[in-house]
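The values are calculated or read from the model by the stated rules, or taken from the named source; none is laboratory data. Since the structure is predicted, the reported quantities are computational estimates derived from the model, not experimental observations. In this analysis, Cβ positions are derived from the backbone assuming ideal geometry, glycine residues included, and neighbour counts consider all displayed protein chains.
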Amino acid sequence: MSNTADLLVVGAGPGGMATALEASRNDASVILFEVDEVIGGNASRSTGYLAFQDFDMQSDEDLTDSPEIFFDDMIAEIERQKEKYGIIFDEDLAKIFAKESSETYSWLCELGFEFNRFLPRPLQHSVNRMVDVKDTTMFTTLFETALEESGVRILTSTRVERLIMENSQIIGIATSKGEFYANKGVVLAAGGYQANKALRQRYQPESMASSPYLGTEHDIGDGHLMGQEVGGDLINMTMIPPLIMVGSALVEESIAVNRDGERFHDEAGPYDYRVNELKKQPDQQAWYIFDNQTFKRKSQLIHEMPEEPHKAESLNGLAEEVGIDPIHLKKTVNTWNEFLTTDVLNDPLFGRVIFPNPRIGITESPFFASKMVIGINFPAGGFRVNTDLQVLNVYGEPISHLFAVGDCVGGLGPVIGMGGMRITPALTLGRVVGRNIATDQVSQKQTLENADRIPANKMKIPVVDA
Ligand SMILES: Cc1cc2nc3c(=O)[nH]c(=O)nc-3n(C[C@H](O)[C@H](O)[C@H](O)COP(=O)(O)OP(=O)(O)OC[C@H]3O[C@@H](n4cnc5c(N)ncnc54)[C@H](O)[C@@H]3O)c2cc1C
């Protein structure tokens, strides 16, 4: 087998898979490298919330959305986050993503993806546009079929270790299975650096750097380090927002209570709000309460949580085991169950708008309590790129033949908190870069013009008279 292809893609998460598939469908030869034994990356381990605009689920409900409305929602989110983090937000990428997300939905449907329902996040998505994938293992199975059919060569259990650079151009990669060479480019799609505590320590306070994380152990920042070695400019690296370690699909069917047995927030609200509300509770402790029906349906998500759940045959027993006020717990669960028997769409206590589907209460014994634990899932930081997804150096100049997608890109990361804003951008920009590289649409001229608009580190080297 040849060790040369038009395109070498590092990592088979949604970003890498979309890049490889679209490049191959546009007649490029592609090799996709994956350190894990299977493809899918964190998308296969995720909740599968995806955000699009202008797609048929929206038109079925007569919802009006557009790239402009989507973009404005992103800007509003950035304004909120600017209070807490130093942010470089790439508005050009955001506009491309918003526009192309519509096509990504149709593209996924053609691959065989199916979606359940809208998950409203009214504080962040002003229009209903976030939906959930029926089964996240589709990110592995459907892509496996499509990539195979289109002729992408997939090398699993293969770690990419270094980029090979010659005359200031990336010409290939060194892997655990030898060297490979690229005619048109190398795409970094190796995900984030969440699983690498040493790397997180460079950007996070000590106490946060060792907080738990739920996804693939392989996201140790290899892409970030390889690109950094050849001069790539990393941005938004300190934005590693804390969140409660819980699958959103479990939250849909649970309520959270504090020691007093009281609910205290919208369990499905924005990630940072949930963390803040937990911190206000007595001893900063609270638990997700759910029943046996949920335990059976969501067992994988429950076992992935940082701590095993408490279990008891009755709510009284559960309260005693965990140390929650039993009378209030029972009252809170009853109130919740009664509310779910109505068709009211807005929880009167905290404005929660996401409920179990169908609206089944917490009724079947045994009952469970899973501790709310603060950790991380999504770091925002990655490479500064231009609109061709070429990695830029600190002077805003493209590194020849080096591209990045997904969590290796930094400029879109700061909208993470909106929900559904990681997998769709990875797929969407992956499609775009795969197609552009394969069809030689990457324009050096456009690249250099774009570089001029980016102020970071653009400095004149002083000339010193001898
Ligand atoms: C628990 C959890 C829930 C989530 N839920 C959602 C959600 O509902 N919606 C959403 O939008 N986002 C969600 N995310 C985030 C989302 O899954 C990621 O942002 C997204 O998958 C990133 O795509 P990617 O292709 O850039 O990287 P990844 O999906 O991380 O894939 C990177 C791949 O590269 C491989 N790799 C790493 N290093 C190397 C190397 N050196 N050589 C070869 N291969 C390598 C990895 O093994 C991995 O397969 C969730 C994440 C987690 C952890």
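For the range 183-199, what are the residues that are closer than 21 Å to A438 by Cα and within 15 Å of the ligand (Cβ to nearest atom)? Full working, then the answer.
Quick first cut of the range 183-199, residues closer than 21 Å to A438 by Cα only: 183-190.
Answer for the range 183-199, where residues must be closer than 21 Å to A438 by Cα and within 15 Å of the ligand (Cβ to nearest atom): V186, V187, L188, A189, A190.
Would you point out the residue of the range 386-408, among those that are in a strand (DSSP E or B) and within 13 Å of the ligand (Cβ to nearest atom), that is nearest to G215 (Cα to Cα)? Steps first, please.
Within the range 386-408, the subset in a strand (DSSP E or B) is 390-393, 398-404.
Then drop every residue that is not within 13 Å of the ligand (Cβ to nearest atom), which leaves 403-404.
On the way: F403: 24, A404: 20 Å.
So, considering only residues that are in a strand (DSSP E or B) and within 13 Å of the ligand (Cβ to nearest atom), the one nearest to G215 (Cα to Cα) is A404.
Any chance you could count how many residues in the range 50-72 are part of a helix (DSSP H, G or I) and either more than 16 Å from the ligand (Cβ to nearest atom) or surrounded by fewer than 22 Cβ atoms within 10 Å (Cβ to Cβ) (or both)?
First pass over the range 50-72, keeping only residues part of a helix (DSSP H, G or I): 56-60, 67-72.
Those still in the list that are either more than 16 Å from the ligand (Cβ to nearest atom) or surrounded by fewer than 22 Cβ atoms within 10 Å (Cβ to Cβ) (or both) too: 56-60, 67-69, 71-72.
Final tally of qualifying residues: 10.
Return yes when D233 is modelled with pLDDT of 95 or more, outside the structural domain of S365 (by TED's automatic domain parsing) and within 16 Å of the ligand (Cβ to nearest atom) and no when it is not. Steps first, answer last, please.
Working: modelled with pLDDT of 95 or more: yes; outside the structural domain of S365 (by TED's automatic domain parsing): yes; within 16 Å of the ligand (Cβ to nearest atom): no.
So D233 does not fit the description; no.
Quick one: what pairs do we get from the range 409-426, first residue over 17 Å from K99 (Cβ atoms) and more than 10 Å from the ligand (Cβ to nearest atom), second among the acidic types (D, E) and assigned to a helix (DSSP H, G or I), C-beta under 9 Å, 6+ apart or different chains?
Close Cβ pairs (under 9 Å, with a partner that is among the acidic types (D, E) and assigned to a helix (DSSP H, G or I)) amount to P414/E77; G417/E77; G417/D272.
I'd like to know if the range 306-315 contains one or more residues that are closer than 30 Å to E83 by Cβ and either in the same structural domain as L123 (by TED's automatic domain parsing) or assigned to a helix (DSSP H, G or I) (or both).
In the first step, residues of the range 306-315 are kept if they are closer than 30 Å to E83 by Cβ; the result is 306.
Still in the running and either in the same structural domain as L123 (by TED's automatic domain parsing) or assigned to a helix (DSSP H, G or I) (or both): none.
Checking the range 306-315: not a single residue is closer than 30 Å to E83 by Cβ and either in the same structural domain as L123 (by TED's automatic domain parsing) or assigned to a helix (DSSP H, G or I) (or both).
Restricted to the range 368-386, and to residues that are over 20 Å from the mean Cα position of the chain (by Cα) and of a type in the set (S, T, N, Q), which residue is farthest from I96 (Cα to Cα)? First the steps, then the outcome.
Of the residues in the range 368-386, the ones over 20 Å from the mean Cα position of the chain (by Cα) are 368-372, 386.
Now narrow it down to the ones that are of a type in the set (S, T, N, Q): 370, 386.
Working: S370: 40, N386: 11 Å.
This residue is S370.
Tell me, which residue of the range 357-383 that is within 16 Å of the ligand (Cβ to nearest atom) and part of a strand (DSSP E or B) is surrounded by the fewest Cβ atoms within 10 Å (Cβ to Cβ)?
Across the range 357-383, the extreme among qualifying residues is I374.
Which of the residues belonging to the range 200-224 are surrounded by 19 or more Cβ atoms within 10 Å (Cβ to Cβ), without any contact (Cβ under 8 Å) to a residue 60 or more places away in the chain and more than 9 Å from the ligand (Cβ to nearest atom)?
Matches in the range 200-224: Q204 only.
Tell me the residue from R121, R117 that is basic (K, R), touching a strand residue (DSSP E or B) at 6+ places or on another chain (Cβ under 8 Å) and part of a loop (DSSP other than H, G, I, E, B), please. Show your work before the answer.
On the way: R117 fails: part of a loop (DSSP other than H, G, I, E, B).
Only one candidate passes the filter, namely R121.
Determine if the range 35-49 includes at least one residue that is at pLDDT 95 or above, near the ligand (Cβ under 6 Å from one of its atoms) and over 18 Å from L108 (Cα atoms).
Within the range 35-49, one or more residues are at pLDDT 95 or above, near the ligand (Cβ under 6 Å from one of its atoms) and over 18 Å from L108 (Cα atoms).
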